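A quick write-up on the structure given underneath.
We did not get these values from a lab; they are worked out from the coordinates using the rules stated. Being a predicted model, the structure only gives us computed values, none of them experimental. Using ideal geometry, Cβ is built from the backbone for each residue, glycine included, and neighbour counts are taken over all protein chains shown.
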Amino acid sequence: MAQKISKEEAFQFLEKHTRFLLVGHIRPDGDDIGSICALHNALESMGKEADMVINDELPDRFNFIETTRLINRDIPEGRTYDAVVFTDLANRERAGEIHIPENVESLCIDHHVSNEGYTDYLYLRENYAATAELLAEMFFDHGLKLSRDTCNALYLALGTDSGFFKFSCTSSHTLLMASKLVEMGADPAFISNHLDVTTAESMKTYKRVLDTLHFAADGKIGIAYMDKQSMEMDGINSDYYVSIPRKVAGVEIAFLLKYQEENVTRVSLRSREYADVSQLAAHFGGGGHVRAAGCTISLPMEEAEAELVKEAEKIL
Ligand SMILES: [Mn+2]
């Protein structure tokens with residue numbers, strides 16, 4: 001089990017090592033991508049070497065962060081490391097199919113309540129909106145000079161994980177970090193302009209997903225599907241579509257059921273005010289946060305829905 005450490009100890013870990021492998025998660029989101037890029041740049045500014053690995057395709061919409069171009073899909077060959085840092089990964093499986101060197105000291109920096117403690121050290125703040133919130137605070141504490149791209153990466157990460165400062169995870173501290181990032185060069189309008197545009201294909205997918213919207217538990221559960229075709233059209237941005245069932249008045253729990261393969265359904269879960277969807281996801285072997293979680297169920301979509309609704313009704 002990981003040894004839980006403080007922010008100071010986590011920074012000391014960064015200071016005492018020199019060649020870092022940074023690992024992000026599969027199906028990367030804005031927080032993961034922004035956090036790994038910012039940590040990479042901060043380490044370089046400290047005179048360290050760092051390679052980034054995310055073992056999955058990166059969504060195009062985060063390309064405006066220049067550092068994303070340095071992210072590797074696999075661990076580069078012939079490199080050696082004296083430390084591995086996982087950012088925003090609740091469990092080891094989220095790293096994907098990569099062979100992480102053993103006998104190298106490992107640290108995880110994360111904000112998932114469901115973190116499984118799979119590294120030597122764990123710096124966890126489960127009340128923080130994003131992993132980037134831990135990193136930004138740490139960098140500010142030590143007076144690191146952050147480039148404009150690094151500030152944008154951290155702001156993007158804070159913004160995407162907090163629904164751009166709308167979700168309940170948004171605290172005065174989240175906003176303070178965002179404010180300091182803007183002071184140091186982050187550009188909120190530049191970031192929004194890149195995120196708010198959508199492709200024609202995404203609009204068509206939106207219509208397809210919207211057509212599947214239905215309800216259970218007297219309208220307290222909102223459900224939408226991304227079938228095989230929708231996933232082929234815009235599966236890489238699937239997280240965006242869970243906003244469809246979540247938006248409807250009266251919905252406390254939203255499910256987006258996503259085709260993964262025949263008889264395997266991935267599920268994104270969201271809640272609005274009181275339901276703990278991280279517990280619900282954990283019931284199905286998944287995890288996440290109180291208001292946003294995910295799991296994979298080995299059933300076709302309709303059957304997965306029935307199981308989910310049955311469990312969800314117990315907490316409504
Ligand atoms: Mn996150």
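How do the peptides 16-29, 121-134 rank, highest first, by the average count of neighbouring beta carbon atoms within 10 Å per residue?
121-134, 16-29
Aspartates and glutamates near Lys204 by alpha-carbon distance under 20 Å, same-chain residues fewer than 8 away left out - which ones?
Cross-link targets: Asp60, Asp196, Asp227, Glu232, Asp234, Asp239.
Just need the relative contact order of the chain here, percent rounded to a whole number, with Cα pairs under 8 Å and 6+ apart.
The value is 14 percent.
Rounded, prolate or oblate, given the Cα gyration tensor of segment 262-316, with a/c below 1.5 counting as rounded?
prolate
Would you mind computing the Rg to Rh ratio of segment 139-285 from its alpha-carbon coordinates, Kirkwood style for Rh?
My calculation puts Rg/Rh at 1.03.
Quick one: what are the phi-derived ³J(HN,Hα) couplings along segment 135-145, Karplus 6.51/-1.76/1.60 with θ = phi - 60°, whole Hz, x for glycine and proline?
With coefficients 6.51, -1.76 and 1.60, one gets 5, 4, 4, 5, 5, 5, 3, 9, x, 5, 7 Hz.
What value in Å³ per residue do you get for the convex hull of the alpha-carbon atoms in the chain?
So the per-residue hull volume is 129 Å³.
Based on the mean of other Cβ atoms within 10 Å per residue, sort peptides 150-160, 103-113 so the most packed one is first.
150-160, 103-113
What number, rounded to the nearest 500 deg cm²/dmol, is the helix-based mean residue ellipticity at 222 nm of the chain, given -39500 (n - 2.57) per DSSP H run of at least four residues and division by all its residues?
Taking each H run of at least 4 residues, the total per residue is -11000 deg cm²/dmol.
Taking amide H positions as placed 1.01 Å from N in the peptide plane, with prolines and chain starts having none, which residues 5 or more places from Cys108, or on another chain, fall under 5 Å of its amide H?
When sequence neighbours closer than 5 places are left aside, the close amide H contacts are Phe86, Tyr121, Leu122, Tyr123.
Got a sec to turn the phi values of segment 157-172 into Karplus ³J(HN,Hα) couplings, 6.51 cos²θ - 1.76 cosθ + 1.60 with θ = phi - 60°, whole Hz, x for Gly and Pro?
5, 4, x, 5, 6, 9, x, 6, 6, 10, 6, 5, 6, 6, 10, 4
May I ask you to order 73-84, 271-282 by the average number of other C-beta atoms within 10 Å around their residues, highest value first?
By packing density, highest mean first, the sequence is 271-282, 73-84.
Whole-Hz Karplus ³J(HN,Hα) for segment 283-293, in order, using 6.51 cos²θ - 1.76 cosθ + 1.60 and θ = phi - 60°, x for Gly and Pro?
4, 9, x, x, x, x, 10, 4, 9, 8, 8
Relative contact order, percent, of segment 200-313 when contacts are C-alpha pairs under 8 Å separated by at least 6 residues?
So the answer I get is 20 percent.
Of Lys7/Lys166; Lys4/Lys166; Lys4/Lys180; Lys220/Lys247, which ones are farther than 20 Å apart at the Cα?
Result: Lys7/Lys166; Lys4/Lys166; Lys4/Lys180 exceed 20 Å.
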